[in-house]
1. Being within 21 Å of residue B:242 (Cβ to Cβ) and more than 10 Å from every other protein chain (Cβ to nearest Cβ) is the filter; apply it to region A:50-70 and report the residue that is surrounded by the fewest Cβ atoms within 10 Å (Cβ to Cβ).
2. Any idea which of (1) within 14 Å of another protein chain (Cβ to nearest Cβ); (2) at pLDDT below 95 is the one residue B:70 doesn't satisfy?
3. Would you check which residues across region B:162-201 are in contact (Cβ under 8 Å) with a residue 60 or more places away in the chain and under 16 Å from residue B:234 (Cβ atoms) and list them?
4. For region B:192-216, what are the residues that are farther than 24 Å from residue B:88 by Cβ and over 21 Å from the mean Cα position of the chain (by Cα)?
5. For region B:32-41, what are the residues that are touching a residue at least 12 places away in the same chain (Cβ under 8 Å), buried (at least 17 other Cβ atoms within 10 Å of the Cβ) and part of a loop (DSSP other than H, G, I, E, B)?
6. Among the residues of region B:200-213, is there at least one that is farther than 30 Å from residue B:329 by Cα and outside the structural domain of residue B:372 (by TED's automatic domain parsing)?
7. Can you go through B:344, B:363, B:309 and tell me which one is outside the structural domain of residue B:42 (by TED's automatic domain parsing) and within 14 Å of residue B:258 (Cβ to Cβ)?
8. If only one of A:116, A:88 is under 19 Å from residue B:309 (Cα atoms) and surrounded by fewer than 20 Cβ atoms within 10 Å (Cβ to Cβ), which one is it?
């Protein structure tokens with residue numbers, strides 16, 4: 001699966017996509033593949049703040065729990081409620097139905113420090 | 001050079017290349033490099049075993065042959081179970097216990113013949129177990145000497161596969177001219193499988209009907225492939241350590257290093273049925289008798305989380321008041337029951353079915369309920385089966 005060009009990527013394998021005046025956040029195909037079957041996603045409440053580089057939640061696969069890291073700072077305006085009953089959406093549709101957070105970016109929030117799809121593809125070569 | 005065992009290269013079973021070519025994700029486990037899952041994924045592998053059939057490489061398990069005229073007397077002294085109750089072709093779940101009653105390993109003893117036994121031990125404990133077994137060849141004035149017993153570590157010459165699931169008999173039977181349908185639970189027999197001399201045992205670690213098959217390691221690839229072809233009709237998949245763990249957790253089978261350890265005795269783990277004081281003295285008997293008369297202090301319990309979340313090994317178990325009373329030893333999703341389950345040790349007074357307890361997961365207190373084990377028990381077979389060894 002190729003990584004969408006309309007997303008930016010973190011070194012911890014989250015993606016973020018600008019959608020109007022908000023940002024949508026999820027984990028990459030590589031991340032879901034490495035984790036294996038996702039069985040639980042622990043996300044913060046709507047209204048909570050996240051800060052760039054800090055853990056905002058946990059994704060549990062059958063075998064282990066892994067932290068999720070915020071690609072930007074901001075306030076959560078929506079979480080993907082479907083993941084409560086269908087956590088495997090993260091495996092099957094990591095870039096759309098398996099999204100996790102919708103965030104209103106803080107003033108000055110920027111994705112400039114994140115990788116684009118090409119840079120992320122190169123980065124993946126180094127972590128294999 | 002250091003003597004850190006972590007520096008030792010990982011060992012590989014004869015099927016290593018096969019696993020890699022099947023897309024198996026290889027991970028270190030007990031000193032071995034083993035597949036944790038294949039591309040189907042842990043959940044699909046788990047369901048295949050519950051509903052059809054799955055094939056596991058368990059060539060990392062240790063196999064020790066005990067032979068010679070003193071074998072029975074030796075095993076009676078070495079282990080807490082009554083080995084004299086075994087007939088030829090029968091198996092017994094048991095332990096190696098230390099003098100203080102702590103568990104060195106959990107094992108399965110197969111009686112192949114009157115003076116020939118096969119002992120299967122955990123991969124990570126094989127070296128410790130074998131040293132312990134050798135040290136007890138000349139023991140405490142029991143009159144057993146190394147001249148009457150031969151101990152042989154069979155691995156790596158011999159390997160082991162596990163074929164598990166409701167369709168395991170049909171799959172295996174297609175690969176053997178020997179009628180295997182009469183082989184009862186915890187029984188073992190010789191049979192040709194895929195044209196190879198094998199020992200076939202009706203044992204496993206999944207809570208499902210299944211077989212464990214031991215044979216010469218040179219034939220590993222051929223037997224593996226033949227079983228996969230024979231099971232294709234039933235949707236057979238190769239299964240890794242991930243599914244092995246979720247399956248055994250649902251069946252509440254202990255895993256050494258989790259529910260069993262040097263610091264745990266069989267009473268605490270709920271496995272005292274293995275112990276037979278009436279058979280005579282054995283290693284650890286005094287300490288275990290003391291536990292029996294004074295009562296165990298803590299007990300292994302099953303927990304079902306009543307809120308979303310997953311408890312893992314090491315997470316604290318608390319009373320609703322917040323008092324910490326124990327620790328989870330294993331935990332994870334139950335794919336069959338679609339629940340979140342865990343096992344752990346708590347004081348006996350709190351080991352009450354139905355009791356409300358909590359598990360602390362990353363600073364959050366998750367509600368849980370003490371439930372009976374095993375979490376999962378398969379529907380009884382239609383035919384009456386030989387009862388497991390007591």
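1. So, considering only residues that are within 21 Å of residue B:242 (Cβ to Cβ) and more than 10 Å from every other protein chain (Cβ to nearest Cβ), the one surrounded by the fewest Cβ atoms within 10 Å (Cβ to Cβ) is A:66.
2. (1)
3. B:162, B:163, B:164, B:165, B:166, B:167, B:168, B:170, B:171
4. B:194, B:195
5. B:38, B:40
6. yes
7. B:344
8. The conditions single out A:88.
The values are calculated or read from the model by the stated rules, or taken from the named source; none is laboratory data. For clarity, every value in this text was computed on a predicted model and none was experimentally measured. We place every Cβ from the backbone using ideal geometry, glycine too, and count neighbours over all the protein chains shown.
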